[in-house]
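Report on the structure given below.
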2 protein chains.
Amino acid sequence: MRTINIGLLGLGTVGRGVAELLRDNTQEMTRRLGCEIRISAVCSRSQERVQQLCPQAAWETDPLTLVQRDDVDVVLELFGGTTLAKDAVLKAIECGKHIVTANKKLLAEYGNDIFALAEKNNVMVHFEAAVAGGIPVIKALREGLAANQIQSVAGIINGTSNFILSEMREKGSAFKDVLAEAQRLGYAEADPTFDIEGHDAGHKITIMSALAFGTPVNFGACYLEGISQLDSRDIKYAEELGYRVKLLGITRKTEKGIELRVHPTLIPESRLLANVNGVMNAVRINANMVGETLYYGAGAGALPTASAVVADLMDIARLMNAPSQNRVPHLAFQPSQVKAQNFVSMDNISSSYYLRVQAADEAGVLGKIATLLANEGVSIEALIQKAVLDNNQAEIVILTHHTIEKNVKTAIAAIEAQDCVSAPVTMIRMESLHG
Amino acid sequence: MRTINIGLLGLGTVGRGVAELLRDNTQEMTRRLGCEIRISAVCSRSQERVQQLCPQAAWETDPLTLVQRDDVDVVLELFGGTTLAKDAVLKAIECGKHIVTANKKLLAEYGNDIFALAEKNNVMVHFEAAVAGGIPVIKALREGLAANQIQSVAGIINGTSNFILSEMREKGSAFKDVLAEAQRLGYAEADPTFDIEGHDAGHKITIMSALAFGTPVNFGACYLEGISQLDSRDIKYAEELGYRVKLLGITRKTEKGIELRVHPTLIPESRLLANVNGVMNAVRINANMVGETLYYGAGAGALPTASAVVADLMDIARLMNAPSQNRVPHLAFQPSQVKAQNFVSMDNISSSYYLRVQAADEAGVLGKIATLLANEGVSIEALIQKAVLDNNQAEIVILTHHTIEKNVKTAIAAIEAQDCVSAPVTMIRMESLHG
């Protein structure tokens with residue numbers, strides 16, 4: 001089996017995430033890819049950290065040396081910033097190495113140079129992690145929606161700002177207080193300017209604007225207005241009028257040209273984007289054939305960002321490994337790795353349940369039903385008498401905790417067998433959608 | 001410039017959408033692809049329809065003849081069903097033709113045979129349009145999230161059912177009445193069984209389950225329970241308890257095996273999935289590195305489905321055209337096609353605005369402000385006096401209709417110049433997110 005060798009530049013938060021992901025998901029990735037990915041060298045200030053996180057990898061202190069190593073096929077640039085990172089990326093491209101980067105600032109400010117050099121050297125530069133973290137929205141823009149004329153992109157693409165705005169709305173707190181809280185929780189940097197004044201969102205919407213409309217990257221054209229001047233009164237008034245305030249990155253093609261801007265924005269509360277809360281990100285794309293699509297998920301964090309970095313790496317590995325047909329296997333995994341697995345019968349699934357029981361409106365009925373459920377180990381989260389119908393009949397609605405379906409079915413049969421129960425029990429499964 | 005030749009099987013709703021898309025978006029697609037796509041032959045019962053929608057294409061009545069034509073590189077199977085479609089797809093694969101299909105039933109029931117034959121013949125079979133219409137969720141599962149172990153997939157993947165459930169909730173109507181309304185609007189078939197009893201959602205979740213967990217496609221293992229037995233009382237009670245009822249396709253990896261099921265489900269109303277209404281679709285994927293991601297958009301319709309079909313076609317064309325490096329151009333468009341375009345200055349963007357004015361709480365102030373806005377052509381959607389502050393000061397909140405930003409800024413300057421106005425005007429832009 002072929003091995004793709006990786007050189008890792010930087011072992012900070014995202015670098016650590018990549019190392020952990022490659023450690024924990026190797027088997028599944030190999031089932032999909034049909035080739036192996038190995039970190040052969042890491043550039044980091046701390047040798048100890050390299051030995052701890054990437055014990056098989058060589059330690060390098062000089063990025064320019066790392067990118068020239070013979071045992072590096074693909075360079076993952078996870079330094080951040082635009083000095084070291086830029087030099088190392090350009091050098092790597094000159095050496096014919098493919099690049100994966102999570103560096104939005106680098107691409108928003110120097111993307112045109114980098115992509116031009118990459119074209120010249122026939123090198124791939126992938127950057128899914130640079131926009132909206134783990135959400136595969138660059139892939140949607142470049143590939144999934146490729147048959148469309150993109151009309152607009154609007155996104156909640158800075159988790160720090162969205163956390164602050166969500167808290168300001170929920171608690172009515174002032175910007176400064178929530179910022180301090182966000183800093184305490186690690187959702188905001190000690191110097192939060194980059195996030196709260198819209199620079200970070202500006203880098204991301206600038207990149208998406210270029211991809212949407214086929215223009216060079218032009219961060220200088222992006223209007224930036226952050227959230228630090230927002231008064232929680234305005235958030236409250238907006239809510240009374242049916243709106244939420246979000247920091248949006250917006251780019252839109254109009255007859256006058258391209259709009260490219262970041263600013264606090266009132267959105268009708270019925271829109272999905274208005275309901276994206278906390279540190280989560282979401283990007284809404286409007287396009288002439290598909291209409292509106294939206295992509296939601298974690299916009300930052302070690303593992304979500306690593307998910308995007310390694311997906312890019314797998315995209316590159318797929319072309320290096322099998323450049324012609326079936327770059328991606330039909331069923332996502334290599335044909336030899338598609339394996340039948342056991343399916344769980346409905347009796348054995350675990351779920352919580354909504355039950356509606358119609359029974360005589362008389363003393364002791366609730367207790368009887370609760371007992372019959374308890375007999376099968378079904379515990380009750382809520383039990384509410386909903387309505388009294390004609391003929392002295394009551395409707396009882398029960399929400400259960402998680403249990404095995406056959407227990408619920410057995411309990412339902414026992415309930416339906418009671419004289420006081422006058423109709424079949426209605427059973428609807430519930431999903432918390434937590435995990 | 002290279003041309004990729006297409007053979008189209010079927011010119012129904014989706015076939016028409018593909019023909020229209022290729023007619024309207026050719027220029028943009030060629031800017032992205034660097035090669036041309038041409039419909040060379042169409043199989044349809046009506047020659048007239050072929051001449052009308054694909055005037056350059058040859059008319060074929062026999063699908064098996066079409067797939068063998070020398071001027072067909074890729075076959076788009078848009079017949080639907082599993083008789084003609086299956087024979088034509090298998091024959092095309094034997095002839096070494098790549099396939100794009102929107103046929104969920106064909107893949108859920110015969111996918112294993114089709115993919116095995118495709119592997120043997122080194123042929124690509126793409127099927128983004130088979131699941132969730134225009135939403136690129138197959139691409140997310142196979143590529144965007146490839147670095148993850150997928151844990152669960154849960155989706156609203158039948159628009160007809162979701163429309164009916166949304167209407168039942170909103171209007172409190174009975175299932176039968178809403179179904180009749182949906183049929184009248186064209187959202188439900190004359191025989192709606194396939195949609196409302198969960199078969200269609202079952203086909204789709206079966207396909208996603210195989211992609212998520214690396215198993216063969218196994219529609220027989222899918223539990224199906226539709227919405228026809230749902231009582232609107234239960235929807236109402238669920239809502240009182242903070243839940244919405246949705247028809248979900250669910251697949252999940254558990255210690256006991258894989259769960260694969262379609263049924264009405266209570267979801268907490270705060271979840272994004274609970275807020276997906278009408279005919280729209282959404283798929284939530286939970287994965288071990290990225291956590292929760294969600295994909296939302298139109299799950300059906302001629303043009304959204306065509307968007308997915310042609311994106312697949314472009315994926316195939318990219319490998320046929322440039323099989324080695326930079327399959328997808330860095331900036332989404334071919335380097336020669338990346339062109340600077342005019343950016344709109346903030347003064348010239350068009351938006352609606354939220355304004356908060358602090359002014360003396362005295363007669364005539366509202367009129368004065370309204371006049372100053374009208375002087376700049378800014379019309380008012382809502383004007384509300386929000387609070388009376390200390391010192392006889394009132395806060396006035398105004399929502400404007402769409403206008404040019406410089407007009408609003410000019411009006412704000414005029415308002416701030418009034419003696420009765422005692423603080424800078426707060427201005428926040430609004431987005432309806434309609435288009």
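Read the figures in this text as sums done on the coordinates, not as results from a lab. Everything numeric here is computed off the predicted structure, so don't read it as measured data. In this analysis, Cβ positions are derived from the backbone assuming ideal geometry, glycine residues included, and neighbour counts consider all displayed protein chains.
The table below lists the values:
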quantity	calculated
In order through the stretch B:349-360: 3J(HN,Hα) via Karplus (6.51 cos²θ - 1.76 cosθ + 1.60), integer Hz, x for Gly, Pro	6, 10, 7, 9, 9, 9, 10, 10, 10, 9, 8, 4
Value of [θ]222 nm, deg cm²/dmol, for the protein assembly as shown, DSSP H segments ≥ 4, -39500 (n - 2.57) each, nearest 500	-11000 deg cm²/dmol
Entries in B:105/B:236; A:139/A:171; A:104/B:139; A:386/A:409 that, when Cα-Cα distance is taken, lie over 26 Å	B:105/B:236; A:139/A:171
The protein assembly as shown - share of DSSP beta bridges that are antiparallel (%, nearest 5)	70 percent
Debye-sum result for the stretch B:137-299 in log10 I(q)/I(0), which assumes one identical scatterer on each alpha carbon, at q = 0.15, 0.16, 0.20 Å⁻¹	-0.78, -0.88, -1.27
Chain lengthening between residue B:51 and residue B:401 when straightened (0.36 nm per residue, less Cα-Cα)	121.4 nm
In degrees, nearest ten, helix B:302-321 long axis to first principal axis of chain B (Cα)	60 degrees
FRET efficiency for residue A:83 and residue B:36, using Cβ-Cβ distance with R0 set to 35 Å, rounded to 0.05	0.20
Cβ crowding within 10 Å averaged over residues, with A:179-188, B:233-242, A:306-315 ranked highest first	A:306-315, B:233-242, A:179-188
Chain A: antiparallel DSSP beta bridges as a percent of all, rounded to 5	70 percent
Inter-copy label distances at residue A:231 (7 Å, Cα→Cβ; nm, one decimal)	5.3
Shape of the protein assembly as shown, Cα gyration tensor, a/c cut at 1.5	rounded
Rg/Rg_ref, the stretch A:264-378, where Rg_ref = 2.2 N^0.38 Å and atoms are Cα	1.86
Selected from A:335, A:192, A:424 as most flexible by GNM, with chain A as the system and alpha-carbon contacts under 10 Å	A:424
D (Stokes-Einstein, µm²/s), Kirkwood Cα radius, the stretch B:311-376, 1.306 mPa s at 10 °C	89 µm²/s
For residues of A:210-217, the mean tally of beta carbons on other chains within 10 Å	6
Inter-copy spacing of residue A:255 label points, which lie 7 Å from Cα along Cα→Cβ, given in nm from shortest upward	6.5
Other-copy label distances relative to residue A:362, 7 angstrom Cα-Cβ extension, nm	7.6
Burial ranking of peptide ranges A:209-221, B:215-227 (average Cβ count within 10 Å, highest at the top)	A:209-221, B:215-227
Cβ-based exposure ranking for B:9, B:106, in which fewest neighbours within 10 Å come first	B:106, B:9
Principal-axis tilt of helix B:405-416 within chain B, Cα atoms, nearest 10 degrees	20 degrees
Radius ratio Rg over Rh of the stretch B:1-155, counting only Cα atoms, Kirkwood formula for Rh	0.97
Cα-derived Rg to Rh of the stretch A:144-223, Kirkwood definition	1.09
Kirkwood hydrodynamic radius of chain A, from inverse mean 1/r over distinct Cα pairs, in Å	25.1 Å
Within the stretch A:318-403, GluC sites (Glu not before Pro) in DSSP loop having at most 15 other beta-carbon neighbours inside 10 Å	A:362
Rg/Rh ratio calculated on Cα atoms of the stretch A:360-416 (Kirkwood radius)	0.98
Acute angle (nearest 10 degrees) that the helix B:13-24 long axis makes with the longest principal axis of chain B, alpha-carbon atoms	70 degrees
Set of lysines with alpha-carbon distance to residue B:253 below 18 Å, sequence-local pairs under 8 removed	A:339, B:204
Anisotropy class of the stretch A:62-153 from Cα gyration tensor, a/c 1.5 cut	prolate
Ascending count of other beta-carbon atoms within 10 Å, so fewest first, for A:137, B:42	B:42, A:137
The stretch A:1-119 - share of DSSP beta bridges that are antiparallel (%, nearest 5)	0 percent
